[in-house]
1. Would you please list the contacts, defined by Cβ atoms under 7 Å and residues six or more apart or on different chains, that run from a residue in the stretch 149-166 that is without any contact (Cβ under 8 Å) to a residue 60 or more places away in the chain to a residue that is open to solvent by less than 30 Å² (accessible area, probe 1.4 Å)?
2. Given the conditions (1) modelled with pLDDT of 85 or more; (2) open to solvent by 80 Å² or more (accessible area, probe 1.4 Å); (3) not small (Gly, Ala, Ser), and given that Ile10 satisfies all but one, which numbered condition is not satisfied?
3. Report whether or not Trp134 is assigned to a helix (DSSP H, G or I) and open to solvent by 40 Å² or more (accessible area, probe 1.4 Å).
4. I'd like to verify a number: residues in the stretch 171-187 that are under 21 Å from Gln236 (Cβ atoms) and out of contact with any Asp or Glu (no Cβ under 9 Å at 6 or more places or on another chain), how many?
5. Out of Leu104, Leu136, I need the residue that is under 17 Å from Ile238 (Cβ atoms) and in contact with a Gly (Cβ under 9 Å, 6 or more places away or on another chain). Which one?
6. Take Ala45 and tell me if it is modelled with pLDDT under 80 and within 20 Å of Leu220 (Cα to Cα).
7. Do you know which residues across the stretch 228-243 are more than 13 Å from Leu142 (Cα to Cα) and surrounded by 12 or more Cβ atoms within 10 Å (Cβ to Cβ)?
8. Examine the stretch 90-108 for a residue that is open to solvent by 60 Å² or more (accessible area, probe 1.4 Å), without any contact (Cβ under 8 Å) to a residue 12 or more places away in the chain and over 14 Å from Leu244 (Cβ atoms), and state whether such a residue exists.
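The values are calculated or read from the model by the stated rules, or taken from the named source; none is laboratory data. On a predicted model such as this, the values are computed, not experimentally measured, just so you know. Cβ placement follows ideal geometry from the backbone for every residue including glycine, while neighbour counts extend to all protein chains displayed. Protein only, heavy atoms only, side chains kept; ligands, DNA and RNA dropped before computing areas. Shrake-Rupley method; radii C 1.70, N 1.55, O 1.52, S 1.80 Å.
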Amino acid sequence: MSMLLPALTIARYTLLEALRSRLPWLFVLAACAAAGLAGFLQQLALTESGAVQAALLAATLRLAGVFLLATFIITGMAREAADRGLELLLALPMPRAAYLLGKLLGYGALAAVPALLFGLLMALFAAPAQCALWTLSLLGELWIVAAFSLLCAASLQQALPALAATGGFYVLARMLGSLQLLAHGPQAGDSLVQRAAAGAIDVLALLLPSLDAFARTDWLLYATGDWQALGRVAMQTIVYVGLLSSCALCDFYRRNI
């Protein structure tokens, strides 16, 4: 209880900071811009214009949610460290884990805003059950990105390197499935270098989350999503959020602040 109360207080002020920075309005603006772009590109499609619009909208919304959330987390923590606000908080009689837990809770609650907003928008283009699966899966993806952004912000302590690391992590985790198919497909060569590259990709696939299984567009287009797939997504979310949070906590405790 001694750790939970300060963690909830920090989570509350984290959400208030997001409101003061107009982040929810940025999510709304991103949704409107994505809908306008998808509507424009729909007019260029010769066939299946509705499917093209839904696919482009889903992809754009997912990227916008990840980018805005990660940018807010990293820049907010960098500004807090530069203003010595972190030192002031840690001078209070509370464990460091309470600060990190509060931040994680606040960012987790904040991630629900774009997930629900974008899910409601996609409900105009797909079946409600598939939109619910897509929304919950997107929420898990945003939680993993939030946990990794928190780890990078706490470890690197500089906004630009933390943003670059988070972007690289997200792109690589999204592309690993495709890279594995290319590495082990019939077109793959049999040289030593190519086998080593395929092995390295397999190792990365074991270490990184399979974000290509999150918020899949084909769920919306062809109603292929099911609760079993969501269960696998939920398991990955629990494992990686816990692992990334533990890494951030270890780094946080070893630093002299």
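1. The qualifying pairs are Leu156/Ala162; Ala165/Cys152.
2. Result: Ile10 fails condition (2) only.
3. Criteria not met by Trp134.
4. Of the residues in the stretch 171-187, 4 are under 21 Å from Gln236 (Cβ atoms) and out of contact with any Asp or Glu (no Cβ under 9 Å at 6 or more places or on another chain).
5. The match here is Leu136.
6. In short, yes.
7. Ala229, Leu230, Arg232, Val239, Leu243
8. Checking the stretch 90-108: at least one residue is open to solvent by 60 Å² or more (accessible area, probe 1.4 Å), without any contact (Cβ under 8 Å) to a residue 12 or more places away in the chain and over 14 Å from Leu244 (Cβ atoms).
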